[in-house]
Amino acid sequence: MWTVKKEKIDLDSVFVEHGCAESALATRVLRALPPDVPVTHVADAREASRPISGASDPFGAGKRRLVIARRKTPFLMPCPAGSSKFACCGYLVLTLASNCPMDCSYCFLQEYLADNPAFQLYANYTDSFDELDRLAANAHGRSFRVGTGELADSLAFDSLTSISRDLVEFFAARENLTLELKTKTDEIENLLDVDPRGRVLVSWTLSPDHVYRTSEHLTASPAARIAASRAVLDAGYRVAFHFDPLIAYPNAERDYLLLIDQLLDVVPPKQISFISMGGLRMTPRLRSAARSRFPDDPMLCGEDVLSSDGRFRTFTPLRLSLYRALAERFKKAGAEIPTYLCMEPESVHQHVFGGSPDRPATIGQRLARA
Amino acid sequence: MTADIDQQIRTLAVERRLPASHLARWLAMDPVSRAAMLDLVRTLRLRTGQLVTALDTLDEITVREHVTIASVLDRPEIRRIANGSGSTPSRASALLEALRTFRYPLLKKMQEQLRSEVSALKLPRGISIDLPQELGSDELTVSLRVRTGAELTQMLEALDLRRTGLTRIIEMLGGKRGR
């Protein structure tokens, strides 16, 4: 049964590119959508993806249009957040959709997708399996962690697309590939009746209730995310958690530590594959866009200063003290949970964990096997 | 009365070439805040850049603290500056600094703690320590000014004697709680 989560996906229009209408994906999506949403068939979907000129909130308006098209560029790419300045985790990104029906005030997509904000679903997504097989064939004993949650939430469209079933079945049969489904939803229904054979991780971004209420619009509550993680764990999936963005608002440390306690009450530390942490970071353009769309959100007015990489971040000692507090709490929980920091330099790893991080390939492999 | 205040704000905005977005934000304030801001701008003769910075900072303070701009401008620190005896330009600068302290309370406190740690090192002439700008990184800059080999030896020994204090500063930059 297809369930359209109408509270999240509220569409004014759907555009289907020529050649995609008969695809399995388009068939599933169009069947699941309410019949009163107008569907237009277009020769080239690029125009439909662009921002509506004159809209007061072009990015928000983009979230009311859905485009089904062929992806003409590779599906697989290195994580765009990677940089030689940072100690990276070796994450590979599989782009099967673009933009997200949820609307977190701090979301980097507000800048990254400013020029094509419509939801895009790629009708030829099974072509990505050929790319993945080529990667696996050339791996020479290496393992890779591949995620679909970079330019879209991994599960937010799944009630429309059911792509997760195909993905899980594909990865379940690949020895050296691990799929990471990263989400802020609790839409796990499609996962529960497919056997991942240990090759699929489902990860949740976790934030305290306060951040959820002020900034993570249309997402599942933190408690619902934790409950969903327990359910997929019981269904044979591995689980991981991203404390990213970590936001240093007043009483943040108390709230994050409480959140960790709530998590560990439900998911034993030994069953957590890894933890990541990353402080809120915004380029000046993103900060401006976010402040303009969410002028009353206090989380966007933290004690952030311009750092050497050109992004606004919470001033360093405060940000690092928060990392340290969380790392300490997980350590006290009694299990060695692999933990990494996202978009932070090596020196920050040394301050927080007392040692240098592994090389990206090593981290990627360790996380893939964890 | 409100219409009169609004007209005065518009006139001042034209004189100062205030960006339209900032004028709109000013006019969107509650009436008491609108008037209090106008009064302060006139008293301290804020230049355009200063006015823009003040409006931006005040806006963020109100979002952070859920207070009105009038209540921020009524704080003793601001009233002291507005009614103070220094030159108008120096009071205008002091106003922006005071607003920044409200906006970044923990940063200001941390900067003070670190400066106090640096000061406690009692470094000899020729050695200077620069904290990262706005504590935007964990990088501490230690500079030596020497002319002879003997001076270099002296400086390095002086630094070595202060190793514990320097390490503490680096750890504080790295998020370890201070003393």
Which listed residue, of A:Asp153, A:Asp186, is of a type in the set (Asp, Glu), in a loop (DSSP other than H, G, I, E, B) and surrounded by fewer than 22 Cβ atoms within 10 Å (Cβ to Cβ): A:Asp186
Suppose the filter is within 14 Å of another protein chain (Cβ to nearest Cβ) and either assigned to a helix (DSSP H, G or I) or surrounded by 13 or more Cβ atoms within 10 Å (Cβ to Cβ) (or both); does B:Glu77 pass it? no
Positions within region A:29-54 being free of Cβ contacts under 8 Å to residues at least 40 places away in the same chain, within 26 Å of the chain's Cα centre (by Cα), over 24 Å from A:Gln110 (Cβ atoms) and in a loop (DSSP other than H, G, I, E, B), in sequence order: none
Any idea which residue in region A:110-150 is farthest from the chain's Cα centre (by Cα), counting only those that are more than 27 Å from A:Gly19 (Cβ to Cβ) and crowded, with 22+ Cβ neighbours inside 10 Å? A:Phe144
Exactly one of these conditions fails for B:Ala20: (1) farther than 21 Å from A:Glu303 by Cα; (2) among the aliphatic types (A, V, I, L, M); (3) in contact with a Phe, Trp or Tyr (Cβ under 8 Å, 6 or more places away or on another chain). Give me its number. (3)
In this structure, is A:Tyr256 in contact with a helix residue (DSSP H, G or I) (Cβ under 8 Å, 6 or more places away or on another chain) and not in a helix (DSSP H, G or I)? no
Positions within region A:310-326 being facing another protein chain (nearest Cβ under 10 Å) and open to solvent by less than 30 Å² (accessible area, probe 1.4 Å), in sequence order: A:Arg313, A:Thr314, A:Phe315, A:Thr316, A:Pro317, A:Arg319, A:Leu320, A:Ser321, A:Leu322, A:Tyr323, A:Ala325
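Take B:Ser85 and tell me if it is open to solvent by 40 Å² or more (accessible area, probe 1.4 Å), under 23 Å from B:Leu18 (Cβ atoms) and of a type in the set (S, T, N, Q).
On the way: open to solvent by 40 Å² or more (accessible area, probe 1.4 Å): yes; under 23 Å from B:Leu18 (Cβ atoms): no; of a type in the set (S, T, N, Q): yes.
No; evaluated as a whole, the condition is false for this residue.
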When you scan region A:328-351, how many residues do you find that are open to solvent by less than 20 Å² (accessible area, probe 1.4 Å) and in a helix (DSSP H, G or I)? 3
Could you check how many residues of region B:6-25 are in a helix (DSSP H, G or I) and open to solvent by less than 30 Å² (accessible area, probe 1.4 Å)? 5
Going through region A:1-16 in order, the residues found to be under 24 Å from the mean Cα position of the chain (by Cα) and at pLDDT below 50 are A:Trp2, A:Thr3, A:Val4, A:Lys6
Residues (part of a strand (DSSP E or B) and closer than 21 Å to A:Arg225 by Cβ) located in region A:157-182: A:Thr178, A:Leu179, A:Glu180, A:Leu181, A:Lys182
Can you spot a residue in region B:108-123 that is at positive phi, open to solvent by 60 Å² or more (accessible area, probe 1.4 Å) and assigned to a loop (DSSP other than H, G, I, E, B)? yes
Residue satisfying all of: in region B:53-73; free of Cβ contacts under 8 Å to residues at least 40 places away in the same chain, open to solvent by 30 Å² or more (accessible area, probe 1.4 Å) and part of a helix (DSSP H, G or I); farthest from B:Tyr104 (Cα to Cα) among these: B:Ser71
Out of B:Gln50, B:Gln8, report the one residue that is over 19 Å from A:Pro295 (Cα atoms), within 19 Å of the chain's Cα centre (by Cα) and in contact (Cβ under 8 Å) with a residue 12 or more places away in the chain. B:Gln50
Among the numbered conditions (1) surrounded by 13 or more Cβ atoms within 10 Å (Cβ to Cβ); (2) small (Gly, Ala, Ser); (3) without any contact (Cβ under 8 Å) to a residue 40 or more places away in the chain, tell me where A:Gly82 comes up short. (3)
Just checking, how many residues over region A:55-79 are assigned to a strand (DSSP E or B) and free of Cβ contacts under 8 Å to residues at least 40 places away in the same chain? 2
Residue check for A:Leu218: within 30 Å of A:Gly60 (Cβ to Cβ), at pLDDT 95 or above and of a type outside the set (S, T, N, Q): yes
Kindly indicate the residue of region B:26-49 that is open to solvent by 20 Å² or more (accessible area, probe 1.4 Å) and of a type in the set (S, T, N, Q) and also nearest to the other protein chains (Cβ to nearest Cβ) among those meeting that condition. B:Thr48
Restricting attention to region B:128-149, does a residue exist that is open to solvent by 70 Å² or more (accessible area, probe 1.4 Å), outside any loop (DSSP other than H, G, I, E, B) and charged (D, E, K, R)? yes
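The values are calculated or read from the model by the stated rules, or taken from the named source; none is laboratory data. These numbers come from a predicted model, not from an experiment. Positions of Cβ are backbone-derived with ideal geometry, glycine not excepted, and every protein chain shown enters the neighbour counts. For the accessible areas, the whole protein counts, side chains as well, though only heavy atoms, and no ligand, DNA or RNA atoms are used. Shrake-Rupley method; radii C 1.70, N 1.55, O 1.52, S 1.80 Å.
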